[in-house]
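Accompanying notes for the structure given below.
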Amino acid sequence: MLIDKPDWITHGDGVQPIFSVDVHPDGNRLASAGGDGMVVLWSVGHIFSKLRGNNNNKKKRLKKKAEAGQNGSKDDQANGEKENMLPENGSQGSARGHGSNGVVGSAAVEYTNTKVERVATLADHRGHPVNVARFSNSGRFVASGGDNHLVLIHELRPSNAIVGGSRNIQFSNGSSFGSQAVKNVENWVLCNTLTGHSNNVVDLGWCPDDSMVASCSLDNTVRIWDTLRGTVLTVLQEHTSFVKGVVWDPVGKYIASQSDDRSVVVRTVEGWETVACIKEPFEKAVWNTFSTRLDWCPDGSHITAVNTYQSPKNTAAILMRGSWERSHDYVGHKGPVVASRFNPRLFRVVSDEDKSKTYVASCIALGAQDNKVTVWLSQKARPVLVAKTFFNQSVVDLCWSPDGLTLFAASIDGTVAVFSFEEKELGERLSAKEVQDIMKDSYGTARLDRMGVAEDPALMELQEEDLTSVAAMKKSTEAKKAVQKKRPAPQPSASPAKPAVLVQTETVRASDGKRRIAPVPVGGAGGPIQTQRLGPSNSAAVPASPKKVAKKAKVAVPPGSRDKPRSSSSFRFDQEAFAAAAAKARPVIIPPACKETRPRLSVKVSQNRICEVQNTEKDIAGVPKELRISATVQCLESTSCLWSDKHLGNTVDVVSGCEEYLALGLGRGILQVYSKQGRRMWPPLSLGSPLAFMEMKRVAGGEGDLMGALILLAVTTDGKLWCWDLEREVCKLQSDVVPVALGEGSYRVKLVRLSEKGLPLVVLDSNHALVYSSKFSTWVRVADGSHLYSEFASGITQLGGSALSPGGCGEELNTLQTQAQAQMARSAGGAAARTLNMVTAAEQRRATGRHLEFMSQAAESLGDEATEVDWWCKLVKFLAQEGDQGKLREILDKFLQSDRKKMKSILSAIASVRSMQRLVTEYLDIVNSE
């Protein structure tokens, strides 16, 4: 190992602290950021030229002493034993070439500008201290953040590069910084100024494909920036104190941040949903440090979080991917660990227990406020390097050369140290193919496939269009939610039996300490079209005996209760009764909307109009019940009666209406439809059994003749279902719910209603949901609970919160899938959590693919075009990341033949994955040529 502290790497003539260092991906430049408001790019070639010269001088001195018969000083002897001398001839890079493995950065580095100390000085922070500087993964940009609350992005312009010359660094207004002009060798131009933070920017990081930059600040936020447009994509505000560290998952799925609130928060990049908030390792941590620069292992398997504590030492904690639990700690520093940086390479290391065995290890460097630097190999109990006496103040940042053999450390004492390793000191570096195989085994795709540069400008245009459409989609969804919040709440029902409501879920902790998902009722939005059902009256009811009913082969009715009436939205039938009666009569899979007469029912059909139903029963001795009961319906506007009608010998169970029509479900299975003026528009329709559901709805969207139609849905207790177009007076659909429920293994229908596009939708007691498809002339499942292992199921390790967070649009589908997965989680209980912890990353990826296929087909069946495109885009992007060209071509051919309007959105989603750009170009040419 060779160690040096270049005394010429300084800020402000050596009196200003250095807060950050970073190495360019080509290994030629070292960026440093300091208290003088500058970002300086130093020549790494010059650093190694000096280091090699110092090494040669020391070798000559030791050789001269040996020839003179001297043993040399103790220090020289120790240094001669410990240091691995570089060869006198050839560059540092060629000494370490080992380029046969083909990994980027492993081949010999072609150092340039070996005679120039600094290649550029960037002064656009205008004297404000610069806290962080980071090169992009492509090396084209360098981003910096400082006390002026700004993030600045500079771009290297090769076309304007100054060859063999120099120029003065000036601000945009033309004035030079300082009294002396600084000469640049390279032309780095300010191309983006990102404004939005309200306090100092402390740390930042580039996402794997350089499309986004994340910055964190003392304003307690993390901001995600679109580097293409220079605009903010989202602001992450979960932290309650200064955020001082941020890092991207090398796989591209997550982003993590660390704050002075003693927590690390992990979020998904897709939708920015929080998946973990880790607090336990930081309970005894120091409240305030300069930075908390956590880092992510290059294979994505874990995060190293800093500023943790295990008595009596300060530590850095390892947080495992997926479970986000603390695995172990790097122990040894006396002061808080404030910076960590993983070596970009993975190493094959010989086991300490069995020298014949090797394992793959990551390498990490830690810097602390005890002024020390340590270097660790994973699974090693002791550090590879402990640098104790190099700095007088805290070490605040670290970085590695791309070949993985040189470490740079910066301190607020204003100095930088260089630690140059030999490969045998760390281990054998893995080849590119070996790294790719590890990534594929773990995540189903290689990380390198997700990076790259667009070969065709048309792909960049597609990506811009995709970003625009996603933003518009989210804006539309937010606007829809705002409108729904402004809508008046529905009128309270006269019936104590409450209609079925959609539910959200929340995580609760049971008495045994286990997490459970509990449903939370959500009231439906009010509107001009409402349905109301009559519930049980206050009169006592005699419950029917299921066994007795089975013997007589009659329908089974669940027992009633005067004190706790059964909700009319819950329907159950007796399986034994059904089996006995199957040959003679149809079973009641759905109980009637009411089985006792409720005196009064009202429904609001327009802003100023209400329809009331009055059921009466006269107590006249000796008169049959059929002559004593009646139902009176009135349409009222303010206090005046617009029209009324009366039904003798019958009562009303269900009523639904809108401004133009009113529908009554009478107790003997009769449906009566009224016009706006009270005319009996249709003859009484005998449906054969009492009505269990009825809904009237104007379809806002839909396809074909459903578009704008006013649909009436009616479902009877024996499972028969009808849909009528009221204005055209035609039956659009007649079907049967019984085979659907039995085929799903369920004996209870929870809800039957019209979807947003006017399609019949059935929800069973398992929360499985099915919609009728005219395309297939049968029922199609659109929600079930079989996707708990999918990456699109949030709270996947804890089974908490909303079970689905896909982002984008599709609230109806989202709600249905949320309910189904919450039901599955409740049913499985602790077993689900245990099996989730046993699922491998590869199995999870396969489950995600199945889930996305299901959701895209479900969205298509529900007829919501925006939701359908949203899910198809998610699916093709996933397949592109997996490298599955076969399935991609099938999907592209499908849309090429059926719907080319959606093709561009599909291609835009694939275009974000660079490894598929030629496939995109192929189909883009077909679309544009016709």
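The values are calculated or read from the model by the stated rules, or taken from the named source; none is laboratory data. Treat the numbers as computed from the prediction; the structure is a model and nothing was measured. Cβ: placed from backbone, ideal geometry, glycine included. Neighbour counts: every protein chain shown.
Just a few scattered comments:
- Any hit, the range 593-602, residues being surrounded by 14 or more Cβ atoms within 10 Å (Cβ to Cβ), polar (S, T, N, Q) and at pLDDT 85 or above: no
- Candidates L892, L875, L836, L888, filtered to the one that is within 22 Å of N814 (Cα to Cα) and at pLDDT 90 or above: L875
- Qualifying positions in the range 125-170 - surrounded by fewer than 15 Cβ atoms within 10 Å (Cβ to Cβ) and either aliphatic (A, V, I, L, M) or modelled with pLDDT of 95 or more (or both): A161, I162, V163
- Of all residues in the range 237-254 being under 19 Å from N131 (Cβ atoms) and touching a residue at least 24 places away in the same chain (Cβ under 8 Å), the one that is surrounded by the most Cβ atoms within 10 Å (Cβ to Cβ): V243
- Some residue of the range 887-904 being of a type outside the set (A, V, I, L, M, F, W, C), farther than 20 Å from K440 by Cβ and under 22 Å from the mean Cα position of the chain (by Cα): no
- Check on E280, touching a Ser or Thr at 6+ places or on another chain (Cβ under 9 Å), surrounded by fewer than 20 Cβ atoms within 10 Å (Cβ to Cβ), assigned by TED's automatic domain parsing to the domain that holds W376 and not basic (K, R): no
- Residues of the range 363-377 classified as crowded, with 21+ Cβ neighbours inside 10 Å and part of a loop (DSSP other than H, G, I, E, B), total: 3
- Residues in the range 236-254 that are among the hydroxyl-bearing types (S, T, Y) and outside any strand (DSSP E or B) were compared, and the one that is nearest to N200 (Cα to Cα) is S241.
- From the list M707, M696, the lone residue that is surrounded by fewer than 18 Cβ atoms within 10 Å (Cβ to Cβ) and aliphatic (A, V, I, L, M) is M707.
- Residues being out of contact with any helix residue (DSSP H, G or I) (no Cβ under 7 Å at 6 or more places or on another chain) and part of a strand (DSSP E or B) - total across the range 614-673: 36
- Checking the range 867-880 against the condition returns a match, with at least one residue being closer than 29 Å to P760 by Cα and of a type in the set (D, E).
- Scan of the range 675-692 for residues that are assigned to a loop (DSSP other than H, G, I, E, B) and of a type in the set (G, A, S), ordered by number: S675, G678, G688, S689
- Here the range 682-703 is the region considered, the condition is being of a type in the set (A, V, I, L, M) and free of Cβ contacts under 8 Å to residues at least 40 places away in the same chain, and the residue that is farthest from S644 (Cα to Cα) is L687.
- Residue within the range 911-924 that is buried (at least 20 other Cβ atoms within 10 Å of the Cβ) and free of Cβ contacts under 8 Å to residues at least 24 places away in the same chain present: no
- Residue count for the range 314-341 satisfying the condition of being of a type in the set (D, E, K, R) and within 15 Å of P383 (Cα to Cα): 3.
- Meets criteria (in contact with a Cys (Cβ under 7 Å, 6 or more places away or on another chain) and surrounded by 16 or more Cβ atoms within 10 Å (Cβ to Cβ)) for R341: yes
- Residue in the range 713-731 that is at pLDDT 90 or above, buried (at least 18 other Cβ atoms within 10 Å of the Cβ), touching a strand residue (DSSP E or B) at 6+ places or on another chain (Cβ under 9 Å) and within 19 Å of V613 (Cα to Cα) present: yes
- Those strands (runs of 3 or more DSSP E) lying entirely in the range 293-347 with at least 3 residues of a type in the set (A, V, I, L, M): 302-310, 313-320, 337-342
- Within the range 896-908, the only residue that satisfies the criterion of being buried (at least 16 other Cβ atoms within 10 Å of the Cβ) and either out of contact with any helix residue (DSSP H, G or I) (no Cβ under 9 Å at 6 or more places or on another chain) or closer than 15 Å to E853 by Cβ (or both) is I906.
- Looking across the range 373-394, the residues that are over 30 Å from S351 (Cβ atoms) and hydrophobic (A, V, I, L, M, F, W, C) come down to F390, F391.
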